[in-house]
Amino acid sequence: MMKSLELLSGILFLLLGMMTSFSDLKEGRIYNRTLLIFTGLSAVIDLIYYGYYARDLFLLFLINFIMLAVISLVLFYSHSFAGGDCKLVLVMGLLYPADYYLVYGNTAVTIFFALGIAILYGYAYLLLASVYGLLSKKNQMTKEYVKNYLFSFLKSFVSATVYISGVHLLIVTLAERGIYINSWIVRLICIGLAWLIGKYDFLRKMYVVLLVLAIDLIGGVILGTITFSVNPENYILVLALLLCQMTIRTSLYEEVQITDIKKGMILSMGASLLMQRSRVRGLPGISSEDLKSRLTEEETESIKRWAKSKKIESLLIVKKIPFAVFIFLGFISYFLIWSVV
């Protein structure tokens, strides 16, 4: 019976993944109705599975699910993930049996790896699309673009170096107390820092970086250790990520006709700046080019009125990424890794 429930969970998981991937690719949406149906089915299966046949796995399942929920909420409130994507991750977490969790080191709290793999797939998709656009001459990386981006790039790299130094001091402090962190977790932290620094200007503000640097130097003196990390891998990963970001930004946008602008789309910052001095009511503010700046129905109608008065036929928007596909592939990859290892 236990294997039958696991098989049923697997079938529902595949069905959910295919349905949400199809709707996200075709319509750019993940329907709440679909998620609600599969949540109900997974709740019934989990109640029987963990209530009768796998009671010893319930605590492990609960810890993994909470970890997945916390990460999803962070991604949602940082405007990196849409609500539908976060809910899809949680439903897939409910459907994935705890008996198939990957053991890494001495822990099986690893289901969040699936989400990490999904993010890597999404990033790889953007990078490959950007490289293809550059090679096919659809996009251009002009000297002016590189020159303008270079200052921001160097600022981000210096900032990342300071923050990595803080991570290095934290690792040294924990090691002195007998707590050792896996090197891959350290690398992931460095990648995450580079992403956050590239996303939030606040983390690159001079006074913030100088404050962290002061803490690094004082901490280094107190601990009697080298302030800056001497592991070149951390800096190479950050450097690679920042270069990838520069490449990706060349194909981050697409041009749409005014008549095709819809609720949920995200205007480029340049497009939103054009509207700021207009007297037309209901226009959006300056776009931050993340999910926080998704257009409402009222804003789309205001944009159409504004464009008609200005005789503008098209605008640049941020490309929509069908992330349901990558979430699905992330969980599938996680399962395949488990089956091989």
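The values are calculated or read from the model by the stated rules, or taken from the named source; none is laboratory data. This one's a predicted model, so the numbers in the text were calculated from it and none came from an experiment. Cβ placement follows ideal geometry from the backbone for every residue including glycine, while neighbour counts extend to all protein chains displayed. Surface areas here come from the heavy atoms of the whole protein model, side chains and all, with no ligands, DNA or RNA. Shrake-Rupley method; radii C 1.70, N 1.55, O 1.52, S 1.80 Å.
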Check your understanding: outside any loop (DSSP other than H, G, I, E, B) and either out of contact with any Gly (no Cβ under 9 Å at 6 or more places or on another chain) or acidic (Asp, Glu) (or both): does that describe Lys263?
Key -> no
**Study point:** Counted residues, the stretch 269-282 - those being surrounded by fewer than 20 Cβ atoms within 10 Å (Cβ to Cβ) and in a loop (DSSP other than H, G, I, E, B)
**Key:** 8
Review point. Does any residue of the stretch 60-76 turn out to be open to solvent by 80 Å² or more (accessible area, probe 1.4 Å) and more than 19 Å from the chain's Cα centre (by Cα)?
Key: no
Check your understanding: Within the stretch 97-113, which residues are under 17 Å from Ser9 (Cβ atoms) and out of contact with any Ser or Thr (no Cβ under 7 Å at 6 or more places or on another chain)?
Key -> Ala98, Asp99, Tyr100, Ile111
Review point. With respect to Leu316, is the statement that it is assigned to a helix (DSSP H, G or I), hydrophobic (A, V, I, L, M, F, W, C) and either open to solvent by 20 Å² or more (accessible area, probe 1.4 Å) or at pLDDT 85 or above (or both) true?
Key: no
Exercise for review: Scan the stretch 46-57 and give yes if some residue there is under 22 Å from Ile337 (Cβ atoms) and open to solvent by 20 Å² or more (accessible area, probe 1.4 Å), otherwise no.
Suggested key: yes
Review point. Does the stretch 319-332 include one or more residues that are open to solvent by 40 Å² or more (accessible area, probe 1.4 Å) and either part of a helix (DSSP H, G or I) or on the phi > 0 side of the Ramachandran plot (or both)?
Key: yes
Review point. Among the residues of the stretch 235-258, is there at least one that is in contact with a helix residue (DSSP H, G or I) (Cβ under 7 Å, 6 or more places away or on another chain) and at pLDDT 85 or above?
Key: yes
Point to revise | Which listed residue is at pLDDT below 90 and of a type in the set (S, T, N, Q), from Ser9, Ser80, Ser42, Ser23 | key: Ser80
Point to revise | Selection count, the stretch 283-313, where residues are in a helix (DSSP H, G or I), loosely packed, with under 14 Cβ neighbours inside 10 Å and among the polar types (S, T, N, Q) | key: 1
Check your understanding: Are there any pairs with C-beta distances below 6 angstrom linking a residue in the stretch 251-262 that is surrounded by fewer than 17 Cβ atoms within 10 Å (Cβ to Cβ) to a residue that is polar (S, T, N, Q) and at pLDDT 85 or above, with the two at least 6 apart or on different chains, and if so which?
Key -> Glu255/Ser314; Gln257/Ser314
